[in-house]
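Notes for the one structure printed next.
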Amino acid sequence: MGYQTPRGTYDILPDEIAKWNDVEQVIREKTRLYRYHEMRTPYFEDTKVFKRENDSSDMVNKEMYTFAMGSESYTLRPEGTAGVIRAFDQHKLYGSMELPARFWYMGAMFRHERPQKGRQRQFTQFGVENIGAKTPELDAETIALGYDIVKSMGISSVKVLINTLGDDESRAAYRSALKEYFAPYIEDLCGDCKRRYEQNPLRILDCKVDHEKECMAHAPSLGEYLNEESRKYFDRVLECLDALSIPYEIDEKLVRGLDYYTHTVFEVVSTRPDSGAQATVFAGGRYDHFVSYYGGPDMSGIGFAIGLERLIALATEEGYAFSQEPQLQAYVIGLGEVGPAVLKTVQMLRREGFVAEGNLVPRSLKAQFKSADRNKAKYIVILGEDEVKNGTVNVKKTGDRSQETLPIDGLAEALRRWENE
Ligand code: ATP
Ligand code: MG
């Protein structure tokens with residue numbers, strides 16, 4: 001066997017590409033309506049951009065493609081937020097843009113995890129970051145954009161799971177409570193959880209290994225440790241979602257995979273019974289200490305990322321009508337030694353805006369007609385040596401099989417007229 005794509009990667013062949021173009025178009029249209037600005041950052045960054053001190057997440061600790069070049073260490077981006085914020089700080093956009101600054105990005109992300117349905121090593125995310133202001137209304141609007149995109153792809157079987165991690169004070173109180181609670185169970189937990197216990201005990205609740213254990217079910221929930229302000233903030237987010245008629249479910253165990261979240265965190269999950277462990281279509285949350293991490297001011301932001309492979313898979317399952325290839329309008333056939341004239345005619349038609357193809361290989365008239373038929377050409381333009389000499393063409397409308405001889409100069413106009421009939 002010849003060469004193969006690396007494990008966890010895939011080719012998008014022409015018969016699948018329409019889905020990608022459709023999704024990308026919906027995304028471009030929605031971000032235009034919501035007035036987000038596109039940002040494109042490098043596919044690799046200094047490892048320290050992603051590997052932040054004391055980060056306990058699996059993504060940072062286990063899944064990164066990191067490589068050394070000379071004395072530098074680089075990492076293929078596993079997510080989009082870090083690069084956007086790094087750029088926001090590097091170019092001091094907080095000084096030149098109106099706040100909150102709204103960005104979107106789309107492109108490949110890389111994570112070394114076990115490939116399975118809905119989980120690849122190179123996958124594609126669309127995401128947004130809304131930086132420089134902190135209000136419940138902004139949180140709800142951000143969720144609404146993601147929800148809007150999912151709905152626009154014809155996906156109805158989804159729900160929003162939402163939770164709050166509260167502000168620093170609430171989180172600190174909850175953190176101590178969790179440490180106290182898990183102390184007697186620590187020996188029963190997995191190796192990762194032992195690390196999490198020290199670094200960020202909240203992440204124990206997100207463990208995929210230990211989540212069925214008895215001690216998980218009785219862990220204190222964050223709600224009990226929220227201060228007044230955090231609770232009011234969260235209530236207001238929910239009030240906004242109600243106002244937008246976005247259905248949600250409060251999930252007190254939702255802490256999300258990254259360490260930097262504060263206040264609102266959310267996931268949009270598929271409710272289809274067959275979506276399994278890869279049910280999360282998109283996820284995000286608010287962060288309070290991320291912008292200053294890269295050297296910018298102390299600003300809050302909120303963002304989410306949608307996995308496009310999962311979005312496309314769901315849209316397909318729900319029967320979304322993806323675009324078809326553009327129909328071939330004119331197929332130009334040559335009879336005899338008329339190759340240059342065929343080529344010239346096809347180019348003229350394309351210049352006039354028609355989807356056109358010509359026969360540029362030696363084959364019989366019958367084979368050429370067959371090709372026009374197979375490609376469902378609406379018009380077959382026939383050029384023989386006599387036509388070329390006289391400056392005319394013979395055109396067959398495949399719909400009613402009628403045929404006409406026209407001056408070549410009038411061809412484009414005639415096609416336009418027939419198209420509008
Ligand atoms: P999971 O719990 O499924 O591993 P995550 O918490 O790692 O997800 P995020 O980092 O929040 O995911 O990424 C947001 C979205 O990106 C996910 O909801 C998912 O749709 C998509 N995604 C994440 N990792 C992968 C992957 N390896 N392959 C395909 N899509 C992915
Ligand atoms: Mg993951």
* Selected residue [over 29 Å from SER275 (Cβ atoms), of a type in the set (Asp, Glu), more than 16 Å from ligand 1 (Cβ to nearest atom) and at pLDDT 90 or above] from GLU169, GLU198 -> GLU169
* What is the residue count in region 377-396 for residues that are aromatic (Phe, Trp, Tyr) and over 45 Å from the mean Cα position of the chain (by Cα)? -> 0
* Asked: If you take the residues of region 1-22 that are among the hydroxyl-bearing types (Ser, Thr, Tyr) and touching a residue at least 60 places away in the same chain (Cβ under 8 Å), which of them is most open to solvent (accessible area, probe 1.4 Å)?
  -> TYR10
* To do: Among the residues of region 119-140, write down those that are within 14 Å of ligand 1 (Cβ to nearest atom), in contact with a Ser or Thr (Cβ under 8 Å, 6 or more places away or on another chain) and open to solvent by 20 Å² or more (accessible area, probe 1.4 Å).
  => GLN120, ARG121, GLN122
* Return yes or no: is ARG32 away from ligand 2 (no atom under 16 Å from the Cβ), part of a helix (DSSP H, G or I) and farther than 30 Å from ASP192 by Cα? => yes
* Asked: Is it true that ARG114 is under 16 Å from GLU309 (Cβ atoms) and either within 11 Å of ligand 1 (Cβ to nearest atom) or touching a helix residue (DSSP H, G or I) at 6+ places or on another chain (Cβ under 6 Å) (or both)?
  -> yes
* Are any residues in region 379-416 farther than 17 Å from GLN347 by Cα, open to solvent by 50 Å² or more (accessible area, probe 1.4 Å) and of a type outside the set (S, T, N, Q), and if so, which ones? -> GLU385, ASP386, LYS389, GLY399, ASP400, ARG401, GLU404
* To do: Only residues that are aromatic (Phe, Trp, Tyr), within 15 Å of ASN130 (Cα to Cα) and either assigned to a helix (DSSP H, G or I) or out of contact with any strand residue (DSSP E or B) (no Cβ under 7 Å at 6 or more places or on another chain) (or both): list them for region 271-328, please.
  => none
* Kindly provide the set of residues from region 261-287 that are more than 21 Å from ASP148 (Cα to Cα) and away from ligand 2 (no atom under 13 Å from the Cβ), ordered by number. => TYR261, THR262, HIS263, PRO273, ASP274, GLY276, TYR287
* Any idea which of GLY132, GLY127, GLY146 is within 16 Å of ligand 2 (Cβ to nearest atom) and among the small types (Gly, Ala, Ser)? -> GLY127
* Asked: Mind checking which residues of region 99-140 are assigned to a loop (DSSP other than H, G, I, E, B) and of a type in the set (D, E, K, R)?
  -> ARG111, GLU113, ARG114, LYS117, ARG121, LYS134
* Considering each of ILE155, ILE149, ILE143, ILE186 in turn, give the residue that is more than 30 Å from LYS62 (Cα to Cα), assigned to a helix (DSSP H, G or I), open to solvent by less than 40 Å² (accessible area, probe 1.4 Å) and of a type in the set (Val, Ile, Thr). => ILE149
* Asked: Consider ARG374 against the criteria (1) surrounded by 12 or more Cβ atoms within 10 Å (Cβ to Cβ); (2) over 15 Å from GLU413 (Cα atoms); (3) under 42 Å from the mean Cα position of the chain (by Cα): it satisfies all of them except one. Which criterion is unmet?
  -> (1)
* For residues that are under 18 Å from the mean Cα position of the chain (by Cα), within 14 Å of ligand 2 (Cβ to nearest atom) and open to solvent by 20 Å² or more (accessible area, probe 1.4 Å), tally how many sit in region 99-116. => 2
* Close pairs from region 189-217: first outside any helix (DSSP H, G or I), partner among the aromatic types (Phe, Trp, Tyr), Cβ under 9 Å, at least 6 apart -> LEU189/PHE182; LEU189/TYR197; LYS213/TYR185
* Structure fact -> Of the listed residues (ASP206, ASP188), the one being within 16 Å of ligand 2 (Cβ to nearest atom), acidic (Asp, Glu) and either in contact with a Pro (Cβ under 6 Å, 6 or more places away or on another chain) or at pLDDT below 95 (or both) is ASP206
* **Residue list for region 222-237, filter: open to solvent by 20 Å² or more (accessible area, probe 1.4 Å) and either among the aliphatic types (A, V, I, L, M) or on the phi > 0 side of the Ramachandran plot (or both)** => LEU226
* To do: Determine, yes or no, whether SER292 is within 16 Å of ligand 1 (Cβ to nearest atom) and farther than 26 Å from PHE182 by Cα.
  => no
* To do: Please verify whether region 198-206 includes one or more residues that are over 23 Å from PRO78 (Cα atoms) and open to solvent by 70 Å² or more (accessible area, probe 1.4 Å).
  => yes
* **Residue that is farthest from ILE302 (Cα to Cα), among those in region 219-270 that are assigned to a helix (DSSP H, G or I) and among the hydroxyl-bearing types (Ser, Thr, Tyr)** => TYR225
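The values are calculated or read from the model by the stated rules, or taken from the named source; none is laboratory data. Worth saying up front: this structure is predicted, and the values here are computed from it rather than measured. Every residue, glycine as well, gets a Cβ built from its backbone with ideal geometry; the counts of neighbours run over all protein chains shown. SASA here: full protein model, heavy atoms, side chains in, ligands and nucleic acids out. Shrake-Rupley method; radii C 1.70, N 1.55, O 1.52, S 1.80 Å.
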